[in-house]
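Reviewing the structure listed below.
Throughout, read-outs are computed from the coordinates displayed, never taken from laboratory work. Please read all numbers here as calculations on a predicted model, not as lab measurements. Don't worry about glycine lacking a Cβ; one is built from the backbone with ideal geometry, like all the others, and counts go over all protein chains shown.
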Amino acid sequence: MRNSASFLNVRFHYDSDGSIGKMAGLPQGVDTKSKIVLAIQDNRGVFSNKSAALLNVEFELALWTMYSFIDSVATDIDTDIVAIFFSIEERPLGCFYQGEYHLWEK
């Protein structure tokens, strides 16, 4: 979904063995095995210079927009999806796992 006017850069992956989560350097305890992993990269500056509270709002808006495209396959966002949010510079900013948004440590 590379339409910079409408969408962030998004990649969808099915992680059958959990290797994507390990390679992504997700926080300990985040298990991507048998989940759809969304890598959502900012290409419009929507994640830039935001407080933690506003970042969580932006993450939620982005994730629910993307989830609407796959909700017939991933029927429960909390158990079927892991999302990783990246800055324009491809730096990890946060993730979504088991219904919660987590910010990366600065």
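Summary table below
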quantity	calculated
Most mobile listed residue (12, 96, 85) in the chain, GNM with C-alpha springs under 10 Å	12
For the chain, size of Cβ-based charge dipole, Lys and Arg +1, Asp and Glu -1, in debye	360 debye
Most mobile listed residue (73, 46, 37) in the chain, GNM with C-alpha springs under 10 Å	73
Size descriptor, Kirkwood hydrodynamic radius, that averages inverse alpha-carbon separations across segment 9-103, Å	13.3 Å
Tail weight of P(r) past 12 Å, computed on alpha-carbon pairs of segment 39-78, percent	63 percent
Among 46, 101, 25 the positive-end extreme of the charge dipole of the chain (Cβ point charges)	46
Inter-probe distance in nm under a simple model that places probes 7 Å from Cα toward Cβ, at residue 28 and residue 48	3.5 nm
Residue-count net charge about residue 56 - beta-carbon cut-off 12 Å; Lys, Arg +1, Asp, Glu -1	-2
Of 52, 39, 74, the one that fluctuates the most in a GNM where the chain has Cα springs shorter than 10 Å	52
Estimated 222 nm signal from helices in the chain, with DSSP H stretches of n ≥ 4 weighted -39500 (n - 2.57), rounded to 500	-8000 deg cm²/dmol
